[in-house]
Amino acid sequence: GNYTTMMFRRFAKQTWEAKSGTKIRSIFQSCIKSCNEDFMEVLKDDLKIFPAYDILCYSVIPPKVRPLTNALIASAWAMYMSIASAKK
């Protein structure tokens, strides 16, 4: 989920921007450290949004409209993860 997404995005960015001769292991360790520092904020935001959305979705939103609202929420969360992953 969220940790893997953040880790992959940071790893891809740092690998892309790395100078030649930079070891993959050091990039990987740097990504793990930065993800561990930032993950609790992402988890808190996740727990603020998705339980409330699930309650709203399954109690108020009609079944025919749920796929659309799920797609919108998923797109918004993907944008948030892009922003959170780009912090460092």
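The values are calculated or read from the model by the stated rules, or taken from the named source; none is laboratory data. Predicted, not measured: the structure shown is a model, and the values here were computed from it. Cβ placement follows ideal geometry from the backbone for every residue including glycine, while neighbour counts extend to all protein chains displayed. Just the protein is used for accessible areas: all its heavy atoms, side chains included, with ligands, DNA and RNA removed. Shrake-Rupley method; radii C 1.70, N 1.55, O 1.52, S 1.80 Å.
The distance between label points at ALA76 and LYS13 comes to 2.3 nm (points 7 Å beyond Cα on the Cα→Cβ vector).
Helices of the chain meeting both criteria, an alpha-carbon length of 24 angstrom or more along the long axis and an average Kyte-Doolittle score not below 0.5, with helices taken as full DSSP H segments, are 66-85. Rolling a 1.4 Å probe over the protein heavy atoms gives the range 5-88 an accessible area of 72 Å² per residue. Just the protein heavy atoms count here, and of the accessible area of the chain at 1.4 Å, carbon and sulfur take up 68 percent.
Of all lysines in the structure, the ones whose alpha carbon falls short of 27 Å from that of LYS13, not counting any fewer than 8 places away in one chain, are LYS23, LYS33, LYS44, LYS87, LYS88.
Applying 0.36 nm per residue to the separation of GLN29 and LEU47 and subtracting their alpha-carbon distance, the gain on full extension is 3.8 nm.
If R0 is 25 Å, what FRET efficiency do you get for LEU56 and ILE83 from their C-beta distance, rounded to 0.05? Step by step, r from the Cβ atoms, then E = 0.60.
Over all other residues within a Cβ to Cβ distance under 15 Å of PRO51, the charged ones net out to -1, with Lys and Arg as +1 and Asp and Glu as -1.
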